[in-house]
Amino acid sequence: MEEYSYPIDVDWTTDEIIDVVAFFEAIEKAYDEGIVASELKGKYRSFKVVVPGKAEEKTIFKEFKSNSGLESYAVVKLLNDADEDDVIRI
């Protein structure tokens, strides 16, 4: 497993940080082995509660890509076109 930092806002609660980290771990899983769309959708939904705005999402995705080399937007785009039981893999 790669070692890098996740984009975290100091104003987030512990639960919010857990939700954001869980979402980025799901993005990693999409790259590593694939993830069922329904699982990713749940993590993305929780992420969007913490980061509701598109501009902030873009900034956080960019920071994550800079740290990890993984493109979150590409995974979310696949998610939008996927059925619940599809496996999303990049």
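The values are calculated or read from the model by the stated rules, or taken from the named source; none is laboratory data. As the structure is a computational prediction, the values presented were derived from the model and not from experiment. Cβ atoms come from the backbone with ideal geometry, glycine included; neighbour counts cover every protein chain shown. The accessibility values were calculated without ligands, DNA or RNA, using every heavy atom of the protein model including side chains. Shrake-Rupley method; radii C 1.70, N 1.55, O 1.52, S 1.80 Å.
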*Restricting region 70-82 to residues that are open to solvent by 60 Å² or more (accessible area, probe 1.4 Å) and more than 12 Å from the chain's Cα centre (by Cα), which is nearest to TYR6 (Cα to Cα)?*
LEU78
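Conditions tested, residue by residue: (1) touching a helix residue (DSSP H, G or I) at 6+ places or on another chain (Cβ under 8 Å); (2) open to solvent by less than 60 Å² (accessible area, probe 1.4 Å).
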{"residue": "ASP32", "(1), (2)": "no, no"}
{"residue": "SER38", "(1), (2)": "no, yes"}
{"residue": "GLY42", "(1), (2)": "no, yes"}
{"residue": "ARG45", "(1), (2)": "no, no"}
{"residue": "LYS48", "(1), (2)": "yes, yes"}
{"residue": "GLU56", "(1), (2)": "no, no"}
{"residue": "GLU63", "(1), (2)": "no, no"}
{"residue": "SER68", "(1), (2)": "yes, yes"}
_Being touching a residue at least 12 places away in the same chain (Cβ under 8 Å) and either touching a Lys or Arg at 6+ places or on another chain (Cβ under 8 Å) or small (Gly, Ala, Ser) (or both) is the requirement here; does PHE61 meet it?_
no
*When you scan region 1-52, how many residues do you find that are polar (S, T, N, Q), part of a loop (DSSP other than H, G, I, E, B) and modelled with pLDDT of 95 or more?*
1
*Do you know which residues across region 23-47 are touching a Phe, Trp or Tyr at 6+ places or on another chain (Cβ under 8 Å) and small (Gly, Ala, Ser)?*
ALA26, SER46
_Within region 4-30, take every residue that is of a type in the set (A, V, I, L, M) and over 10 Å from the mean Cα position of the chain (by Cα) and give me the one that is most open to solvent (accessible area, probe 1.4 Å)._
VAL10
_Which numbered condition ASP85 misses (of (1) under 22 Å from GLU3 (Cβ atoms); (2) open to solvent by 60 Å² or more (accessible area, probe 1.4 Å); (3) not in a helix (DSSP H, G or I))_ = (1)
